[in-house]
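Let me begin by presenting the structure, written as structure tokens, before commenting on it.
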Amino acid sequence: MTELTQVWPPVLLSLQVTAVASGLILILGLGLGVALARTDFPGKLVVSTLLNLPLVLPPSVVGYLLLLALGRGSPLKEWLGIDLLFTWQAAAIASTVVALPLMVESTRAAIASVNPELEAAARTLGARELELLWRITLPVAYRGLLAGFSLSVARGLGEFGATLMVAGSIPGRTQTLPLAIYDAVQAQRYGLANAMVLIVTAIAFVLLWWVRQLESAPAHLAALPHDLPHDPAP
């Protein structure tokens, strides 16, 4: 019973960190993915490459770069006016940075795969670009968006290396599930480690199962909304 009570603090903290990171991933990933899919600008390839670096860099390197970005003397810290290092907010930032590329790339691919003739038809009915995005493009691409978001959430939940660098492993404050599992194994508390591994595996399994369900669901061709504005007849 004592070990069971020690499972919940890192579980609740992980859910809190993941919830904040998921919100950031959704907003930033959707915006960046749409921008990369629909606009051309100087340095687009460089921006896309930089966004994907956390996928290939060692987590410790990503954590070190975040340490420099959030640490003393950094422009970001001076602008924010607060010290985020070794807080649960720093853990949320680390999870966001590491998982964001999955959302960006899934969004970019999903948006780019939308039939341009469908969008062109909506434009002939008088749809503006923002309305077109919200009511045509995103609904048609929703499966790719949800799959990317689910994978990003699962990746953020399991983040370890970068989180350890910027947030540490302070029980009750910054010790998320992956960090708590590592500490439990180091202390040879295998019963506690097994319980936490079971929880994080179950959450990841549900998220991945949902992604597979989305991929196997039959595709439906989105119809143009009937209430789109029509251009007046000449």
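The values are calculated or read from the model by the stated rules, or taken from the named source; none is laboratory data. Only a predicted model underlies this, so the values are computations on that prediction, with no experimental measurement involved. Methodologically, a virtual Cβ is constructed for each residue, glycine included, from the backbone with ideal geometry; neighbour enumeration extends over all protein chains shown.
So Gln175 ticks every box in (1) buried (at least 19 other Cβ atoms within 10 Å of the Cβ); (2) of a type outside the set (Val, Ile, Thr); (3) not in a loop (DSSP other than H, G, I, E, B) but one. Which box is left unticked? Gln175 satisfies all of (1) buried (at least 19 other Cβ atoms within 10 Å of the Cβ); (2) of a type outside the set (Val, Ile, Thr); (3) not in a loop (DSSP other than H, G, I, E, B) except (3). Look at (1) closer than 25 Å to Ser106 by Cα; (2) at pLDDT below 95; (3) out of contact with any Ser or Thr (no Cβ under 7 Å at 6 or more places or on another chain) and you find that Trp210 fails only one, number (3). Scanning segment 42-90 for residues that are modelled with pLDDT of 90 or more and part of a loop (DSSP other than H, G, I, E, B) yields Pro42, Gly43, Leu57, Pro58, Leu84, Leu85, Phe86, Thr87.
The residues of segment 185-202 that are outside any helix (DSSP H, G or I) and free of Cβ contacts under 8 Å to residues at least 60 places away in the same chain, listed by number, are Ala187, Gln188. Residues that are over 14 Å from Gly168 (Cα atoms), in contact (Cβ under 8 Å) with a residue 60 or more places away in the chain and among the hydrophobic types (A, V, I, L, M, F, W, C) within segment 71-101 comprise Val97, Val98, Ala99, Leu100, listed in sequence order. Tell me yes or no: at least one residue of segment 154-170 is out of contact with any Leu (no Cβ under 6 Å at 6 or more places or on another chain) and either exposed (fewer than 14 other Cβ atoms within 10 Å of the Cβ) or farther than 25 Å from Thr87 by Cβ (or both). Yes, there is a match, as at least one residue in segment 154-170 is out of contact with any Leu (no Cβ under 6 Å at 6 or more places or on another chain) and either exposed (fewer than 14 other Cβ atoms within 10 Å of the Cβ) or farther than 25 Å from Thr87 by Cβ (or both). Only one of the numbered conditions (1) in contact (Cβ under 8 Å) with a residue 60 or more places away in the chain; (2) out of contact with any helix residue (DSSP H, G or I) (no Cβ under 8 Å at 6 or more places or on another chain); (3) assigned to a helix (DSSP H, G or I); (4) within 15 Å of Ala91 (Cβ to Cβ) is not met by Tyr182, and that is (1).
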